[in-house]
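Have a look at the structure below before the remarks.
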Amino acid sequence: VTSKKEYYKGVKFAPYDLVKEFVVALGVVALLVVILAAALSSPDVPSVTMKTVAVQTPQNYTQVALDSLDGNSAVATYGPPYNNQTGSVQFIGPFSPQDWLGVHIPINTAQDFVLGPLAESSAGDSVLKSALTTFKAAPSSTQAAWETAYQSALNKAPATGSSLQVPACPTCGPVPVMMSRLLALGQSGAMDGLLLTSPRFFETDYTRPLLFINYTDAMANEAAKYNLLGETWGVMNETGNYPGQAWLWLYTTFYQLPPYTTAWAANTDALAIASVTILSLLLMFVPWIPGLNRIPRYIPVYRLIWRDYYRDQS
Amino acid sequence: MSMTGKLQRTLSQRLPYEELLPEEQPAYVHNYVYLFGVATLCSFALLIATGVILAAFGPQWWHSSNIGHFVNSLHYWAAQAFMFFMVLHLWTAFFQGAWRDGRGLTWVSGVLTFLISIVTAFTGYLSQQNFDSQWIATQAKDAMNSVGAGAFFNVLNFGQMYGFHVVIFPVIVSALLGTHLTLVRMKGVVKPYDLPTSRARPAPSAAKPKGGVS
């Protein structure tokens, strides 16, 4: 207390009612929030579901499923924390914290996105059961040949509305049956539940369906509709005419600037986070950083803030 | 002396009762700039109140109930107000050099509150259970994974993000706000800079507390 009294020695004091200030401010801010909520509401665009994807873009749905089966999907080649691949592993210089942490959320796309859901729904479907048995019993080279052949057939498949007509493919083995059943599961809505199944009854983890939906055209199209793509500052935007996470402007800026978008493009996320972390640490420790801690002294905003004080002093 | 006695003595010396809620402030505090901090605090109170209602009715309530949607809108705009006033408070504190004269920890606690609040708001978006949640989660996962954080902070796991949003982060932000306010009350507001060419009597600075920063 003594040092505080010494600190303020010579400073003019005036009565100040902190509690009244808080109560009045609370009323004003509450009124402001009520008015904004009543006038502008809040965004709530419905989620994209597996059913939406399968019905609206059956060819793309089947493509993502096929990529998941043959191990060529973005998730199958992702790397930690989902698997041991390297497709999406990023580096900060020579270091990759992503690799250090390893596989914590194991995802086997063929099993989790295709074979598992098909097996779950194969009861009473002898054709599907037989197809799965044939597929699983085949050597991996044969599976790959079937998948390649089906890819060619899928490329020629005309999609009209929710209907997908894949040409007859005698060299595709059991894959056409599997893919058509998977599309039917998607279009019925069953896949939304099947991707959540686990040995437990309750489920709150949407990792698997979100990883599937993430790489579909339906998701990207919906995001583009609301200006949510990365090149339109999407990280800080949200659906509708709402402010979004405006406070992420600095972080999002890194996604718009070279070299983050050019030479560093393969590691943009890691380098953007590293950059914003360094800037945050500088902000946090600015009191002890020579030069930076003098910036407000040389920018006369303080003269504006305390203009009455300085006027009284003169 | 018992540990309780030591704590009591320390508190009474460093933060006497009358300093918690003083009835006087330096005259220069009568300035709208000093309202940004209290406006931030008021927004946080509204966030907690509306968040408690939303949590009580469950994460899906607001999608199917008009009242629920309105409460969500209140929560949403309280969050926007919280961040808006906090940023104003942060920048005005910066331009005041508010960390001077031994107030470095006060500044650090404020910046930490700001940074944790950003992550709290982020988990709020992930907890909405709509397209924004899906899109933000799927886009953010790559950033989280790229630095290893995704291994234990899975933005695609609704249950985990909801838990962080309604319990863990609010507790941390509340603790940081409490620390920040306590430090403000312990140290008092910083004095204005001396004017370099002022003919005015320079404000006293002889009693600069130990550990002060320029």
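For the reader, a short list of remarks on this structure follows.
- Span-rule helices in chain B, defined as complete DSSP H runs reaching 24 Å or more along the axis (Cα) with Kyte mean at least -1.0: B:35-57, B:66-95, B:104-126, B:169-187
- The stretch A:10-160: equivalent-ellipsoid semi-axes (sqrt of 5 x gyration tensor eigenvalues, Cα, Å): 55, 25, 15
- 5 angstrom amide H check on A:F13, placed H, neighbours 5+ away: B:A27
- Seen from all directions on average, the stretch B:1-69 presents a Cα convex hull projection of 8.8 nm².
- With all pairs of different C-alpha atoms in the average, the Kirkwood value for the hydrodynamic radius of chain A is 24.9 Å.
- The Cα-based radius of gyration of chain B, divided by its Kirkwood radius, gives an Rg/Rh of 1.06.
- Dividing the Cα radius of gyration of the stretch B:106-177 by 2.2 N^0.38 Å, with N the residue count, gives 1.12.
- With coordinates expressed along the principal axes, the C-alpha atoms belonging to the stretch A:46-134 extend over 53, 33, 20 Å, beginning with the largest.
- Residues whose placed amide H lies under 5 Å from that of B:D101, excluding near-sequence neighbours: B:V213
- Here's the list of lysines a cross-link from A:K5 could span, going by alpha-carbon distance under 20 Å and ignoring same-chain residues fewer than 8 apart: B:K187, B:K191, B:K208, B:K210.
- For the stretch A:89-208, with +1 on Lys and Arg beta carbons and -1 on Asp and Glu, the positive-most of A:G173, A:L132, A:L101 along the dipole: A:G173
- In degrees, nearest ten, helix A:268-284 long axis to first principal axis of chain A (Cα): 20
- Checking Cβ-Cβ separations below 4.7 Å across the protein assembly as shown identifies B:C42 as cysteines lacking any candidate disulfide partner.
- With 5 Å bins from 0: P(r) over the stretch A:131-272, alpha-carbon pairs, percent: 2, 8, 11, 12, 14, 14, 11, 13, 10, 5, 1, 0
- Choice from B:F164, B:F94, B:F122 showing the highest fluctuation, given a GNM over chain B with Cα pairs closer than 10 Å: B:F94
- Expected-Rg normalisation [2.2 N^0.38 Å, Cα atoms] applied to the stretch A:116-193: 1.11
- All Cα-Cα separations within the stretch A:260-314 were binned at 5 Å from zero, giving a P(r) of 4, 16, 13, 13, 12, 12, 11, 7, 5, 3, 3, 1, each value a whole percent of the pairs.
- Measuring between alpha carbons in the structure, the pairs from A:K136/B:K141; A:K12/B:K6; A:K51/A:K136; A:K51/A:K156 lying more than 25 angstrom apart are A:K136/B:K141; A:K12/B:K6; A:K51/A:K136.
- Residue by residue, the stretch A:21-33 carries 3J(HN,Hα) couplings of 4, 5, 5, 5, 5, 4, x, 5, 5, 4, 4, 4, 5 Hz when phi is fed to the Karplus relation 6.51 cos²θ - 1.76 cosθ + 1.60 (θ = phi - 60°); x denotes Gly or Pro.
- The Stokes-Einstein estimate for the protein assembly as shown, based on a Kirkwood radius over Cα pairs and taken at 20 °C with 1.002 mPa s viscosity, is a diffusion coefficient of 80 µm²/s.
Taken together, the values in this text are just the output of simple stated rules run on the coordinates, not laboratory data. Remember, it's a predicted structure, so these values are computed and weren't measured experimentally. Using ideal geometry, Cβ is built from the backbone for each residue, glycine included, and neighbour counts are taken over all protein chains shown.
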